[in-house]
1. Answer yes or no as to whether Ile56 is touching a Phe, Trp or Tyr at 6+ places or on another chain (Cβ under 6 Å), under 30 Å from Gln353 (Cβ atoms) and crowded, with 20+ Cβ neighbours inside 10 Å.
2. Residues Gln339, Gln332: which one is touching a Lys or Arg at 6+ places or on another chain (Cβ under 7 Å), surrounded by 19 or more Cβ atoms within 10 Å (Cβ to Cβ), more than 23 Å from Val400 (Cβ to Cβ) and outside the structural domain of Asp445 (by TED's automatic domain parsing)?
3. Quick one: would you say Thr319 is polar (S, T, N, Q), assigned by TED's automatic domain parsing to the domain that holds Phe134 and in contact (Cβ under 8 Å) with a residue 24 or more places away in the chain?
4. Only residues that are among the basic types (Lys, Arg) and out of contact with any Ser or Thr (no Cβ under 9 Å at 6 or more places or on another chain): list them for segment 126-157, please.
5. Anything in segment 396-451 that is of a type in the set (Lys, Arg), more than 28 Å from the chain's Cα centre (by Cα) and surrounded by 15 or more Cβ atoms within 10 Å (Cβ to Cβ)? List them, or say none.
6. Go through (1) more than 17 Å from the chain's Cα centre (by Cα); (2) under 21 Å from His431 (Cα atoms); (3) in a strand (DSSP E or B) one by one and return the number of the condition Thr294 breaks.
7. Answer yes or no as to whether Ala149 is in the same structural domain as Phe290 (by TED's automatic domain parsing), surrounded by fewer than 23 Cβ atoms within 10 Å (Cβ to Cβ), outside any strand (DSSP E or B) and of a type in the set (A, V, I, L, M, F, W, C).
8. Are there any pairs with C-beta distances below 9 angstrom linking a residue in segment 50-79 that is hydroxyl-bearing (Ser, Thr, Tyr) to a residue that is surrounded by fewer than 19 Cβ atoms within 10 Å (Cβ to Cβ) and not in a loop (DSSP other than H, G, I, E, B), with the two at least 6 apart or on different chains, and if so which?
Amino acid sequence: MMNFEFELFEKYNKPTPRYTSYPPANYFKKLEDYNDVVQILKQSNNEDPQNISIYIHIPFCHQLCLYCGCNTHITNDEKMMTKYVDTLLKEIDLLEGYLNKDRKVSQVHWGGGTPNYLPIGEIDRIINKLHERFEFIAKPEVAMECHPAHLTKAYVDDLVQMGFNRLSFGIQDFSDKVLDTVHREKPLLPIEEIVAHIQSYPQMSLNLDFIYGLPYQRLEDYAETIQRAVDLKADRLAVFSYAHVPWIKKQQKSLEKYGLPTAEEKIELFQTAYNILYKNDYKVIGLDHFAKPTDELSIALHNKQLHRNFQGYCTLDTTGQVYALGVSGISQMTSAYLQNTKDIDVYIDSINQGKFPIEKIYQVNKNEKLIRSIIEDIMCNMEVDLQDIARRYQVSLKEVYTISQPNLNELATFEKEGFLSFDNHKAVLTHKGQFFMRIIAAAFDPNMKNNKKSFSKAL
């Protein structure tokens with residue numbers, strides 16, 4: 001159990017990167033030379049990890065949720081969806097031509113938008129194309145983010161037959177008032193019924209996602225929401241802080257008229273969720289993810305073998321360089337990030353011309369890779385050993401300090417606050433410090449010394 005000190009959260013609740021990548025996506029630059037894309041893809045064949053992780057972005061939704069920060073396209077035009085899938089198939093063909101044949105797919109993640117808004121036949125076409133073009137490892141993770149408002153038992157059955165083994169439900173909240181206010185459609189079937197159906201398949205794993213910080217969320221109601229989630233016995237739960245960024249997502253501005261929870265109220269909501277999950281033996285993964293003790297993420301955390309990418313936490317077994325398909329997708333390779341255009345028409349035109357629809361690019365240098373490893377160790381495994389970092393990158397310990405420029409005064413303050421111990425060049429986060437891991441990671445990020453970028457708040 002944990003009782004959070006509001007004064008500490010208030011003190012450290014400042015704009016900070018979420019560190020789903022390093023450098024973060026707002027450091028990416030406009031693509032100037034398409035030849036750079038070709039060279040990056042070819043180079044990725046000679047770098048580790050050798051596994052391939054494929055991200056498929058399906059932008060379509062039936063209606064826009066007001067809190068949404070994703071790249072979405074509101075439509076019910078099935079012809080448009082079919083045209084989009086036709087283009088995805090061509091993009092798969094295009095990608096296959098640049099990757100070595102001996103590399104295998106270890107992970108396929110479908111995000112959006114609402115991937116399960118696509119007719120099941122379109123999902124089948126994409127899956128068949130992937131198997132036609134790529135070889136898979138023996139037990140790949142094939143996961144889809146699903147909206148319960150568009151999910152039937154028959155759809156689940158078809159996904160299982162296609163090889164899906166993980167579904168993630170964006171529940172957000174069980175309160176009708178909250179869902180109505182944020183324009184979130186309600187589940188098509190009673191959630192207990194569809195969950196039981198999924199769990200009848202022993203090979204299937206289930207994630208449930210929730211948000212705290214939305215209008216009309218009250219402690220007593222939110223406690224009922226999280227307890228109901230526990231009763232569903234999902235393998236993993238995520239409890240995300242609502243990121244209010246109306247300067248990026250203009251529709252979020254409309255939520256302000258309903259009254260967003262204060263910082264203190266948000267902390268109380270998270271503390272309520274945390275204590276219920278902790279009491280029910282869920283293990284804390286990173287900042288806002290929870291998993292059963294038998295889940296592979298809990299085991300990987302215990303063995304200090306957790307990894308994370310734009311799609312979330314994963315194990316080293318399924319970790320691969322990420323190749324993103326579809327609008328706005330970000331390919332996350334060892335030495336570069338490539339971000340696709342967000343414009344569907346531009347995307348389709350580019351693929352039809354035989355070119356990847358890359359809009360932004362960032363090539364990661366050796367020093368940034370080292371800093372990335374420090375931040376990943378903190379965000380995934382709750383500790384970082386700078387001497388181990390030096391060995392990994394074959395540099396001196398002095399060079400590690402020179403490159404990462406850790407803010408030693410901040411680290412000393414964090415130690416006094418009880419967030420971590422920093423001894424013999426090794427930082428180990430405490431249970432308390434886990435909730436400040438983004439702030440701690442930022443202490444090892446030299447870009448934050450003179451930061452001029454915009455970020456959502458850390459907590």
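1. Criteria met by Ile56.
2. On inspection, the qualifying residue turns out to be Gln339.
3. Considered against the rule, which asks whether it is polar (S, T, N, Q), assigned by TED's automatic domain parsing to the domain that holds Phe134 and in contact (Cβ under 8 Å) with a residue 24 or more places away in the chain, Thr319 comes out as yes.
4. Lys129, Arg133, Lys153
5. Those that are of a type in the set (Lys, Arg), more than 28 Å from the chain's Cα centre (by Cα) and surrounded by 15 or more Cβ atoms within 10 Å (Cβ to Cβ): none in segment 396-451.
6. Thr294 satisfies every listed condition except (3).
7. Answer is yes for this residue.
8. Close Cβ pairs satisfying both conditions: Tyr67/Gln251.
The values are calculated or read from the model by the stated rules, or taken from the named source; none is laboratory data. Note that the structure is a prediction, hence the values are computed from the model and not measured. Note: ideal-geometry Cβ built from the backbone for every residue, glycine included; neighbour counts use all protein chains shown.
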